[in-house]
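The values are calculated or read from the model by the stated rules, or taken from the named source; none is laboratory data. These numbers were taken from a predicted model, which means no experiment stands behind them. Cβ: placed from backbone, ideal geometry, glycine included. Neighbour counts: every protein chain shown.
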Amino acid sequence: MNEKVDFKGSVILNPVPVVLITSKNKEGKENVFTVAWTGTVCTKPPMLSISVRPERLSYEYIKETMEFTVNLPTSKMTKAVDYCGVRPGRKFDKIQEMNFTMKEGTNINAPYIDECPISIECKVKSIIPLGTHDLFIADVVGSHVDSTLMDEKGKIHFEEADLITYCHGEYFKMDKHPLGKFGYSIAKKPIAMKDSAKSIEKENNTDTTKVKDLSKDRPRKKNNNYKSSNASKKRNSSNNKHKNSRKNTTSTRRKTK
Ligand SMILES: Cc1cc2nc3c(=O)[nH]c(=O)nc-3n(C[C@H](O)[C@H](O)[C@H](O)COP(=O)(O)O)c2cc1C
């Protein structure tokens, strides 16, 4: 173990998600801003939180309607994520400048960003002033998920959504290869995982007995819980290209094994 340095009492919890929050005020004006202080706070009922400085335009909009949407951006959207976090909505029309396709919310009036593979609709339950930021605790009332990320069991494959994280002032791509799976450390039988995970374990010289290769591609099927919209159908056809290239990668990997 390396020697530890006593560090000042600042929040160095890293990495964290970085998301785009969309909102709409009572006059119908829409806004988007970047948030890194967000997190899951409850499973049942499903709840999440965002921390927002009162001077933000988004603070005003969200407090007025008590609604917002959390949009998960892809790595291709990183520049837009940064831009929406450094330009105030009072001076800039960020939605127009970033050329975002805004879709009407299903369960709330706040819109969601179609370019984001996952969007989560929220209704604010309480606002707790903390200091620099106010904590907005919200119920999750619905979500929109790119159908190509779902398998036939309804599992969402976030690892294939090309998401990003934020770490101490910098943006990073999420790794596609899992290091393990929930509960694998105590599993009696080997848990099926991607072959990449096995090779990472080998690289790290850790236990490979609990991990066996996944020999087949996961079957992709549209999930019944997912309400398909015209927009998502359009996205599906463009995603097919991406899907095919993914298949090619997989078969190349198999051949080289
Ligand atoms: C990576 C990143 C993360 C941010 N996280 C937050 C946050 O969690 N809460 C917050 O109030 N502002 C956060 N900001 C700053 C706001 O996004 C920024 O001030 C934005 O311009 C406010 O927009 P608005 O005035 O249009 O609402 C973040 C900025 C960046 C670049």
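Any residue in region 99-117 that is within 12 Å of the ligand (Cβ to nearest atom) and within 22 Å of Ile164 (Cβ to Cβ)? Give the steps one after another, and end with the answer.
Residues of region 99-117 within 12 Å of the ligand (Cβ to nearest atom): none.
The answer is no; no qualifying residue exists.
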Review point. Which of (1) surrounded by fewer than 19 Cβ atoms within 10 Å (Cβ to Cβ); (2) assigned to a strand (DSSP E or B); (3) more than 12 Å from the ligand (Cβ to nearest atom) is the odd one out, the single condition Thr69 does not satisfy?
Key: (1)
Practice item. Just need a number here: residues in region 33-61 that are more than 7 Å from the ligand (Cβ to nearest atom) and part of a loop (DSSP other than H, G, I, E, B). Key: 6
Practice item. Determine the pairs where a residue that is closer than 29 Å to Asp162 by Cβ and among the small types (Gly, Ala, Ser), located within region 54-78, has a partner that is away from the ligand (no atom under 11 Å from the Cβ) and assigned to a loop (DSSP other than H, G, I, E, B) with Cβ atoms under 9 Å apart, the partner being 6 or more residues away or on another chain. Key: Ser75/Asp162; Ser75/Met174
Check your understanding: Counting only residues that are closer than 24 Å to Gly85 by Cα, among the acidic types (Asp, Glu) and not in a strand (DSSP E or B), how many does region 120-179 have?
Key -> 2
Exercise for review: Those residues that are surrounded by fewer than 18 Cβ atoms within 10 Å (Cβ to Cβ) and not small (Gly, Ala, Ser), I need them from region 18-36; list them, please.
Suggested key: Lys26, Glu27, Lys29
**Study point:** Checking Glu104 against (1) surrounded by 14 or more Cβ atoms within 10 Å (Cβ to Cβ); (2) closer than 26 Å to Glu64 by Cβ; (3) of a type outside the set (Val, Ile, Thr), the condition it does not meet
**Key:** (1)
Revision key, fill the gap. Here the residues within region 187-215 that are surrounded by fewer than 17 Cβ atoms within 10 Å (Cβ to Cβ) and either at pLDDT 95 or above or in contact with a Ser or Thr (Cβ under 8 Å, 6 or more places away or on another chain) (or both) are Pro190, Lys202
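If you check Tyr83 against the conditions, is it part of a helix (DSSP H, G or I), within 16 Å of Glu121 (Cβ to Cβ) and either assigned by TED's automatic domain parsing to the domain that holds Met47 or at pLDDT 95 or above (or both)? Working first, answer last.
Numbers: part of a helix (DSSP H, G or I): yes; within 16 Å of Glu121 (Cβ to Cβ): no; either assigned by TED's automatic domain parsing to the domain that holds Met47 or at pLDDT 95 or above (or both): yes.
Answer is no for this residue.
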